[in-house]
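In what follows, a structure is listed as structure tokens, so that the remarks can point back to it.
The values are calculated or read from the model by the stated rules, or taken from the named source; none is laboratory data. For clarity, every value in this text was computed on a predicted model and none was experimentally measured. Backbone-built Cβ (ideal geometry, glycine too); neighbour counts: all protein chains shown.
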Amino acid sequence: MRPASIFRLSAVRLALTFAGLLALVVAAVFGLLYWQLTSDLEDQLQVRVLERINFLIANAEKHGLPRLIEVIENEAKAVRLEDAIYLLTDASGTKLAGNIDSAPEFPQWGTLAGADLPGAASAAAHETYMSIWSEKPWGHLLVGMSARDSQDAKASLWDAMMLGLSATVGLAFAIGGLAAWRAQRRIDAIAGTLNSISHGKLSARVAVTGQGDDLDRVSVNLNRTLDRLESAIERVNQTSSDIAHDLKKPIGRLRQRIESLARRADDRLQDDLLESLAEVDNIVGTFDALLSIAQIESGAQRERFADIDLEALVKEVVGIYRPVAEDTNHLIAPLPMSGTLPNIRGDKDLLVQLFANLIENAIQHCPSGTNIFVSVRRGRGRFLEAEVTDRGSGIPADEREKVFNRLYRLDKSRTTPGNGLGLAIVAAIAELHDAQVRLEDNNPGLRVIISFPVSA
Ligand SMILES: Nc1ncnc2c1ncn2[C@@H]1O[C@H](COP(=O)(O)OP(=O)(O)OP(=O)(O)O)[C@@H](O)[C@H]1O
Ligand SMILES: [Mg+2]
């Protein structure tokens with residue numbers, strides 16, 4: 001399946017939507033958590049800086065400026081520059097004590113980069129300090145503390161959240177994808193069954209998993225409907241073969257009477273009676289064909305299946321029909337033989353009839369002078385594809401299903417002999433052999449392709 005068409009499947013779309021929504025919700029929750037935790041970390045750092053500066057101010061106010069200078073000098077020596085900065089200046093900005101020489105002034109809180117601080121050693125170059133200035137009559141005091149720990153904590157938090165987010169989203173997509181794939185497989189199976197039904201395989205049924213879910217309920221109802229449909233169609237078919245069967249004897253008697261009358265009648269009457277006899281023969285032909293379809297559909301001939309060289313069989317049929325075709329000025333091209341194709345399982349007489357019906361159709365429904373091509377080749381997978389093509393007027397696309405119905409003929413063929421059962425017989429024989437029949441446009445003309453499974 002092409003990627004674009006995958007996204008058109010409702011189960012896949014649903015799974016993607018849920019996974020996407022889950023990703024959005026998880027991202028929003030993580031974002032909120034991150035914002036809350038980082039602002040907590042900043043608050044904690046500010047509290048520590050405030051405690052420190054308040055202690056120093058209280059000290060100065062209690063013991064005087066010289067004592068503060070001493071405390072700050074000691075403090076500046078005791079801490080590493082990477083961890084904290086101290087600066088005490090007089091009101092004009094001249095440094096009195098501290099581990100940096102100067103710093104830009106700002107009202108209250110600010111973030112100072114180590115690289116911008118004159119007098120700071122290179123160790124501080126990569127640090128940022130959460131800092132506060134305090135202006136007092138006796139001088140200006142700056143205390144800053146490295147935001148490294150809180151930044152490290154923020155980075156770890158970010159990494160952990162990204163990992164969590166990708167794991168959650170990945171898992172959501174994987175589980176959603178798996179669920180979608182399983183649901184889609186079952187929907188495909190239902191679609192496949194309906195497709196087989198639409199191609200005439202009325203015995204196809206949807207597998208029921210026994211999980212009792214909605215798809216199971218749909219499948220059970222569908223199978224029940226198909227059971228009813230199949231038995232209704234079987235009843236109709238049975239009725240038509242019963243009629244054919246029951247009428248055969250009286251029609252046979254009628255035929256005999258007309259024959260004996262014709263023998264005794266004068267010339268004028270004899271012509272009329274012979275015409276009636278031809279009509280009766282046509283009716284008998286229709287009944288025989290209907291009965292033969294019923295017989296093929298019963299599947300009894302499967303018992304007689306043998307290995308068949310399809311190429312040789314088709315060549316034989318082509319050989320039989322070449323003179324018939326020449327009589328009507330049609331030309332059947334010689335069959336290209338590969339001689340290396342595997343056998344199929346089948347009934348020889350029925351397969352001969354299948355190809356005979358197709359070739360007869362090409363002769364009967366194409367104007368004289370039309371070429372007919374027959375071939376057998378290896379198909380895709382373990383299949384052989386036989387093809388009968390002509391360059392006549394073809395069958396319009398909307399009639400290609402209908403021509404397989406019993407007694408169905410195109411309007412343009414009403415005047416030609418025949419009773420519209422040739423392709424119905426072809427379909428029944430193909431079905432018996434598990435073969436698929438396709439009608440395609442040969443631009444111009446008809447292309448009939450039958451793919452037979454190769455014998456195991
Ligand atoms: N090769 C073809 N080219 C054009 N039309 C075709 C071709 N084969 C079949 N058809 C059309 O499909 C219809 C059904 O074909 P089908 O073989 O079932 O019946 P038929 O040929 O009319 O009669 P029968 O085969 O019973 O003698 C035909 O009446 C004809 O209109
Ligand atoms: Mg026919």
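When Ala386 is tested against the conditions (1) touching a residue at least 60 places away in the same chain (Cβ under 8 Å); (2) small (Gly, Ala, Ser); (3) not in a strand (DSSP E or B), the lone failure is (3). The set of residues in region 407-435 being closer than 19 Å to Gln301 by Cβ and more than 8 Å from ligand 1 (Cβ to nearest atom) consists of Ala427, Ala428, Ile429, Ala430, Glu431, Leu432, His433, Asp434, Ala435. Going by the conditions given, is Glu127 surrounded by 13 or more Cβ atoms within 10 Å (Cβ to Cβ), within 25 Å of Asp43 (Cβ to Cβ) and in contact (Cβ under 8 Å) with a residue 60 or more places away in the chain? It is false that Glu127 is surrounded by 13 or more Cβ atoms within 10 Å (Cβ to Cβ), within 25 Å of Asp43 (Cβ to Cβ) and in contact (Cβ under 8 Å) with a residue 60 or more places away in the chain. Pick from region 344-362 the residues that are surrounded by fewer than 21 Cβ atoms within 10 Å (Cβ to Cβ) and without any contact (Cβ under 8 Å) to a residue 60 or more places away in the chain: which of them is farthest from the chain's Cα centre (by Cα)? Ranking the qualifying residues of region 344-362, first place goes to Asp349. One residue stands out in region 417-433 among those that are within 11 Å of Glu360 (Cβ to Cβ) and of a type in the set (Gly, Ala, Ser): the one that is nearest to ligand 2 (Cβ to nearest atom), namely Gly422. Val437 fulfils the conditions (1) assigned to a strand (DSSP E or B); (2) surrounded by fewer than 18 Cβ atoms within 10 Å (Cβ to Cβ); (3) in contact (Cβ under 8 Å) with a residue 24 or more places away in the chain except for a single criterion, (2).
Of all the numbered requirements in (1) touching a His at 6+ places or on another chain (Cβ under 7 Å); (2) under 29 Å from Ala155 (Cα atoms), Ala23 misses one, and that requirement is (1). Of the strands (runs of 3 or more DSSP E) lying entirely inside region 92-183, the ones with 3 or more residues being out of contact with any helix residue (DSSP H, G or I) (no Cβ under 6 Å at 6 or more places or on another chain) are found at 109-113, 128-136, 139-146.
Condition check for Gly299 on (1) more than 47 Å from the chain's Cα centre (by Cα); (2) within 24 Å of Ala424 (Cα to Cα); (3) loosely packed, with under 13 Cβ neighbours inside 10 Å; (4) among the small types (Gly, Ala, Ser): one failure, at (1). In region 224-251, what residues are closer than 22 Å to Leu274 by Cβ and surrounded by fewer than 12 Cβ atoms within 10 Å (Cβ to Cβ)? Across region 224-251, the qualifying residue is only Pro250. Among the candidates Phe355, Phe373, the residue that is modelled with pLDDT of 95 or more, more than 16 Å from ligand 2 (Cβ to nearest atom), touching a strand residue (DSSP E or B) at 6+ places or on another chain (Cβ under 9 Å) and outside any loop (DSSP other than H, G, I, E, B) is uniquely Phe373. Selection over region 303-332 of residues that are in contact (Cβ under 8 Å) with a residue 24 or more places away in the chain, of a type in the set (A, V, I, L, M, F, W, C) and part of a helix (DSSP H, G or I) gives a count of 8. Picking from residues in region 333-351 that are farther than 17 Å from Arg377 by Cα and either assigned to a helix (DSSP H, G or I) or among the polar types (S, T, N, Q) (or both), the one that is farthest from ligand 1 (Cβ to nearest atom) is Lys348.
Take the conditions near ligand 1 (Cβ under 7 Å from one of its atoms), modelled with pLDDT of 95 or more and either charged (D, E, K, R) or outside the structural domain of Asn329 (by TED's automatic domain parsing) (or both) and apply them to Asp390. Does it pass?
Here the answer is yes, as Asp390 does meet what is asked.
Being within 45 Å of the chain's Cα centre (by Cα) and surrounded by 12 or more Cβ atoms within 10 Å (Cβ to Cβ) narrows it down to one of Leu269, Leu274, Leu335, so name that one.
Answer to the check: Leu335.
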